[in-house]
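Every number in this text was worked out from the coordinates using simple rules, so none of it is lab data. Values in this document were obtained by computation on a predicted structure and should not be read as measured data. Here the Cβ positions follow ideal geometry from the backbone for every residue, glycine too, while neighbour counts run over all protein chains shown.
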Amino acid sequence: MIARLGWAAMFSCAVAAVGGAQTAAIAPAPEQIAAAVLPLPTDARALATVLGYGSDGKLAMLRKGTGSMTCLADDPKQTQFHVACYHDSMEPFMLRGRELRASGVTGVQVDSVRFREAKAGTLKLPNHPASLYSLTGGAFDPKTGTAPGARLLYVVYIPYATAASTGLSDKPQNDGPWIMFSGTPKAHIMFTPRMQ
């Protein structure tokens, strides 16, 4: 797995101890927006809704978009650079994941709860393929508006798709797409960076 470098360039990562607690400086909204939309194709960036962090460190909508994608800036309390943009139809699934993590649910338990809720019909899933673009690693440079060294990942979510239904392998491929989480609400086709 590619090492994920610091979020420092974007959030300045000026971490200071205050009464035993750690607080991180948060980048201005324009920098968060510029970094969050970076994974998207250029013509879609200005149209995306962007979620990021206010000066209080809480997740907030930084910009309401007019397109069909939502981009999420990384949590400034984390020490890794990661931004993701997903089709709006994925929002209930993504929101539920954020809610579970905020309540202390971690690791595979987040998916266990979401899968159970999706199967029960209480968690809405997209009824068509939904894309997600992300950048991981590297660091955002606000001066150039780029993230040198970051790895682009592109996936297409197709809930409950299987290796058999897609004709794809469920094992990672170096020269073509493959399916992950086959047969689950989180089933998605992975595309390698070399294919893009």
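Structure above, values below:
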item: Inter-part distance where the range 39-101 and the range 133-164 are each reduced to a Cα centre, Å; result: 13
item: Sequence-separation-based contact order of the range 75-138, relative, with Cα cut under 8 Å and 6+ spacing, percent; result: 58
item: Rounded if a/c under 1.5, otherwise prolate or oblate - the range 16-132, Cα gyration tensor axes; result: oblate
item: Hits among lysines - C-alpha to C-alpha of K58 under 23 Å, sequence gap 8 or more where chains match; result: K77
item: Förster radius 22 Å - calculated FRET efficiency between T42 and Q80 (Cβ-Cβ, nearest 0.05); result: 0.35
item: Extended-chain gain in nm, criterion 0.36 nm per residue less alpha-carbon gap, S165 and L59; result: 34.4 nm
item: Relative contact order computed over the range 67-196 (Cα-Cα under 8 Å; 6+ residues apart), in percent; result: 19
item: Cα shape, the range 65-196, gyration tensor, a/c 1.5 rule; result: oblate
